Structures are given as C-alpha cells and as structure tokens.
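Undergrad: My structure is below; once you've seen it, I'll send some questions.
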Amino acid sequence: MLTSPAAAALTRAPLAGRPRTYPPLRVVHPVVRWAFYLFVFSLPFEYPKRTIPWEVTTLTCAPRHGTHRRRAAGAGRRAGPRDALPGDHPVLTSPTAAALTRAPLAGRPRTYPPLRVVHPVVRWAFYLFVFSLPFEYPKRTIPWEVTTLTCAAFLLAALLQPRTSFARLPWAVRWFGVYLYVLLGAFVVDGGHYGDQVQKLFTLLLEAVLLLWVASNVLDYEDVARGALVSLGVASALRAAIQLAGIGTERIVEWTGGVRITALGQNENHAAMILSGGIIALLGLAYGRAHSTRWARALAWPVVGAIAIAIVQGGSRGGVLALGAGLLALTLGGASVATRLRNAAAVLVALGFLIWVSYQFVGTRNRFLQTAETGFMAGRERIYPTALRMVLEHPLTGWGPLTNMYELGNRLPEQHVPRRDTHNLALEVLTSTGLLGMVPFALGTWLCLRAAWRARRGVEGITPFALLIAVLVVNMSGNWIATPLLWLTFAYALASGRQPTVAT
C-alpha cells in the first residue's frame with residue numbers, strides 16, 4: 001500500500017484507504033531566488049566609506065521592480081513530466097514517488113503527514129456494530145439493546161485512534177448537538193416529568209450523535225465504507241434467512257385477512273426499515289458505486305430477492321414504500337448514459353419483483369387495499385391531526401420529551417394505552433422540542449442530504465443518497481429517531497460527500 005497519489009499513479013498500486021489530494025507544489029521564481037542569494041552574499045560587504053546615501057545591503061534587500069509580477073513557467077501548479085529537461089527523469093511532486101522512481105523533486109521537497117489507515121480493532125468493532133443492526137431482540141432480559149452495546153464497544157474502540165476517529169467535527173454533528181441541548185432545555189421547562197425515561201432516551205440520542213461523529217470519520221476511508229455495506233448486506237440476508245426458515249418467528253393474524261410474520265420478536269416496521277437498508281447496500285455495491293464488480297452483481301440478486309420476501313411477509317406498508325423510494329433514487333446515479341440505463345433496468349426489475357411479491361401475500365395486499373379504499377392507516381389518520389394541534393398549542397419549546405407521547409395518548413383514549421408515539425420523525429421533534437429543536441435538527445438533516453447528493457460524483461456514487469432517502473421515507477410513517485441505522489446513514493452521507501469527484 002502506498003501513501004501518495006503520485007506514487008500510486010506511477011506504480012499502479014492501490015492507495016491505503018481513501019485517496020487524498022494535496023495542494024499544488026509551488027516553485028520559487030529564478031529572479032526572486034537569485035536576488036535573495038545576492039542579498040545574503042552582500043551581508044559581509046558593507047562599506048561605510050561609500051559616496052552613495054544607502055548601504056550595499058540596503059540596496060540588495062530592496063525589492064526589484066516588476067519581479068513580483070512575473071511567474072515562472074509552471075509556477076502555481078503541480079509539476080509534471082513536461083517540466084523535466086530532455087533526457088531527465090520525470091519531475092515529481094511527492095517524496096514517496098521520487099523515492100520509488102529515483103526521479104528528482106520539483107523545487108523544494110515537501111513532506112506530508114502519512115496517510116492514516118483505520119486501526120484493525122476500530123475497523124472490526126465498527127463492522128460488528130453494523131452487522132448487529134438487524135438483530136435487535138426486544139424480548140431481552142438485559143436493560144440495553146444489542147445494537148446499543150455494540151455501538152458503545154465501537155465508540156470505546158475509537159479511543160485507540162483518536163486522530164482518525166475524531167479527525168473532523170462536521171457542522172451536521174454540531175447542529176444535532178444543539179438539538180440535544182434544546183431537548184434538555186425542553187425537559188427542564190416541562191418540569192422534569194418522566195425523568196428516568198428521558199434519561200434513557202437522552203443517553204441513546206447522545207450515543208447516536210457520537211456515532212455520527214466517529215463513523216463520519218471512519219467511513220472517510222473507501223475500504224471501510226465498502227466493508228460496512230458488505231456487513232449490512234450480509235447481516236440483512238442472514239436475518240431474512242432466519243425468518244424464511246421459520247426460526248423464532250411470530251404470526252400475527254390481521255383482521256383484514258392474512259398474517260404478518262416477524263422474527264426475534266421485532267417490530268415489523270422497524271425490521272422492514274433495516275432490511276430495506278440491506279437491499280440498498282447490496283444493490284449499491286453492485287450498481288450504485290463508481291467501481292463495482294460482476295461478482296457483486298451476480299450474487300446480489302438472489303440475496304435481494306430473499307430479503308424482499310422477508311420485508312413483504314412483515315406487511316409493513318411504509319417499509320415497502322421506503323424500499324421503492326430508495327430503489328428509484330438509485331436510478332439517479334451513473335457517470336454515463338449507458339450506466340444510467342443499466343441502473344434503471346436493474347431497478348425496474350427489482351421494483352417489479354417487489355410489487356409482484358406484495359400482491360402474492362394476502363396480508364400485505366389487503367393492507368394496501370384497505371388504505372387506498374378507506375384511508376385507514378392503523379390509527380395514523382387520527383394521530384397526525386392531533387399531533388399537529390399539539391404543535392400549534394406549544395410551538396416554541398414543545399411539550400417536552402416523553403411528555404408529548406403521554407399527552408398524545410391522553411387525547412386518543414380509544415387506543416387504551418397511556419402513551420402514544422407520533423409515528424412521524426418530524427412530528428416527534430416538533431411536539432417534544434418545538435421550533436427551537438426542529439431548526440437545528442432540520443439543518444443537520446439537510447447538511448446530510450446535501451452531502452449525500454454531492455457524493456453521486458464520487459467513489460460511493462448514488463448509494464448514500466438512495467440509502468438516506470429510504471431511511472427518511474420510512475421515518476415519515478414511523479418514529480425511529482433513536483435507531484442507530486438513521487445516524488449511521490447520516491454518517492455515511494457526510495463521509496461520502498467529502499470524497500473527490502471520480503473522473504469520467
């Protein structure tokens with residue numbers, strides 16, 4: 001592995017991690033150089049018995065007229081082979097490249113800090129966390145979820161390499177930090193109700209923001225980003241295989257007809273969101289990134305089909321729609337018309353298969369038909385208007401975290417539950433923290449979306465944007481603000497947006 005783009009270009013060897021670009025190496029103009037040498041040479045030759053009013057060193061130190069306006073050929077740009085004299089070796093601008101090829105450096109050699117690679121412990125702790133995402137286990141006996149523990153292990157491992165793990169503090173992370181501050185303020189203004197539950201929620205959100213910070217730096221390396229996508233895809237395939245094999249599954253009879261199937265006691269909508277992310281990751285590896293291989297395309301399709309069947313078995317309308325939105329976003333990538341047509345054809349095949357499978361399962365088909373014919377959305381048709389009225393009553397600071405859910409439950413007594421979720425990410429932020437919390441949260445989300453859209457010209461291609469669209473769409477019919485996948489997707493978008501544009 002080499003640590004210089006110039007060395008990699010000359011030797012055709014891969015760079016360690018993500019390629020980095022350096023500022024152009026400038027050279028000193030010959031007139032400026034020799035004028036400086038003349039001044040230094042004149043220092044011992046001051047002549048007090050002169051007839052002119054100024055000393056020799058004063059004259060040699062004075063700038064010569066016009067020299068600061070002239071530039072040598074090639075000054076201000078990176079030197080290349082054309083700058084070498086005939087018969088000489090190529091003039092290089094990287095000490096590593098010069099050492100490998102024994103070629104002279106252009107001008108004064110500059111040294112750059114070595115290109116860091118992610119520590120193996122940090123890397124594999126991150127892969128373990130990503131792999132654990134589809135395996136949440138609500139029926140656990142321990143107080144914390146599996147993904148919470150693996151995320152904490154990853155954050156602790158990141159301390160082994162702080163200069164890499166905490167290299168940058170993106171503005172999106174800062175805005176989400178402001179949101180956490182407003183969340184605490186809303187809790188105090190509300191009177192400190194439900195302190196134990198708010199403490200747990202705040203701990204989860206604090207861990208999520210720290211995950212966003214560290215993961216956005218770790219995913220800055222191309223090989224780590226590729227490994228994370230593979231981990232999510234493989235884990236989703238294994239989770240789907242468990243459900244299709246009937247291991248630890250539950251069948252919930254729907255009053256409209258049919259059943260909803262889930263595994264490990266997971267919420268069907270939450271499982272659909274994570275499995276949809278796995279499908280986008282696999283198709284992104286095959287079609288969405290700038291560099292893909294044929295074996296990835298060949299292996300992706302049977303695995304994607306199995307995961308899609310598991311999603312449809314759960315009967316999640318929002319999960320199916322989110323997957324469809326993510327698949328459509330994949331068509332926006334591609335450096336050439338042929339690539340876009342290929343991606344569009346692949347997406348049409350995937351969408352056609354998803355629609356066909358959804359029609360084959362009675363429970364999922366009836367749920368879509370029921371929504372289309374009657375407008376019934378499992379109570380959301382009453383939750384959304386009630387939550388909007390709550391926002392209008394407390395527009396600035398909201399009702400406070402957790403208090404908003406209990407207030408919503410009191411206003412919907414027909415649900416016979418003490419508290420009720422808003423089933424919408426935006427309504428959750430507005431009802432809990434008001435506009436003071438919504439503004440920083442929206443700014444952080446917009447920065448992630450902008451970075452994901454910029455990434456379509458980079459190494460990761462359209463994959464970050466498609467994955468983020470899928471996760472945000474599913475959060476329009478559900479509130480998964482404390483789910484690690486949401487913040488991992490934010491981090492992937494931020495890291496991918498910093499990558500240089502891939503030449504077409």
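The values are calculated or read from the model by the stated rules, or taken from the named source; none is laboratory data. None of these values were measured; they are calculated from a predicted model. Ideal geometry is used to build each Cβ from the backbone, glycine not excepted, and the neighbour counts take in all protein chains shown. In case anyone asks, the SASA skips ligands and DNA or RNA and just uses the protein heavy atoms, side chains included. Shrake-Rupley method; radii C 1.70, N 1.55, O 1.52, S 1.80 Å.
Undergrad: Checking the a/c ratio against 1.5 first, then a/b against b/c, what shape does the Cα gyration tensor give for region 358-418?
TA: Prolate is the answer for region 358-418, as a/c is 1.5 or above and a/b outweighs b/c.
Undergrad: How would region 347-504 be classified by its alpha-carbon gyration tensor: rounded, prolate or oblate, with rounded meaning a/c under 1.5 and the a/b versus b/c comparison settling the rest?
TA: oblate
Undergrad: Using the Cα gyration tensor of region 128-283, with a ≥ b ≥ c the square roots of its eigenvalues, what is the shape: rounded (a/c below 1.5), prolate (a/b larger than b/c) or oblate (neither)?
TA: It is oblate, given that a/c is not under 1.5 and a/b is not larger than b/c.
Undergrad: If you don't mind, there's one more thing I want to ask. Can you list, largest first and rounded to whole Å, the semi-axes you get for region 125-214 by taking the square root of 5 times each eigenvalue of its Cα gyration tensor?
TA: 24, 21, 9
Undergrad: Please report, as a whole percent, how much of the solvent-accessible surface of region 448-504 comes from carbon and sulfur atoms (probe radius 1.4 Å).
TA: 60
Undergrad: Could you give the length gained by full extension between N410 and R297, i.e. 0.36 nm per residue of separation minus their alpha carbon distance, to one decimal place?
TA: 35.6 nm
Undergrad: Still on this structure: Quote to one decimal, in nm, the extra length available between F45 and Y181 on full extension: 0.36 nm per residue of separation minus the C-alpha distance between them.
TA: 42.2 nm
Undergrad: Using the Cβ atoms and a cut-off under 9 Å, what net charge is assigned to the surroundings of A378, where Lys and Arg are +1 and Asp and Glu are -1?
TA: Here the count lands on +2.
Undergrad: A further question follows. What is the mean projected area of the alpha carbon convex hull for region 255-366, to one decimal in square nanometres?
TA: Spelled out: convex hull of the Cα atoms, projected over all directions, averaged, 6.9 nm².
Undergrad: With contacts defined as alpha carbon pairs under 8 Å and 6 or more residues apart, what's the relative contact order of region 224-333 in percent?
TA: 31
Undergrad: A follow-up question, please. Tell me, what is the per residue accessible area of region 184-315 in Å², probe radius 1.4 Å?
TA: Dividing the accessible area of region 184-315 by its residue count gives 38 Å².
Undergrad: Quantify, in whole percent, the carbon and sulfur part of the accessible surface of region 207-278 (1.4 Å probe; protein heavy atoms only).
TA: Carbon plus sulfur share of accessible area: 63 percent.
Undergrad: Further question on the same structure: What does the charge count near H291 come to, summing +1 for each Lys or Arg and -1 for each Asp or Glu among other residues with Cβ under 11 Å from its Cβ?
TA: In short, 0.
Undergrad: Separation of region 138-176 and region 290-358 by C-alpha centroid, Å?
TA: 30
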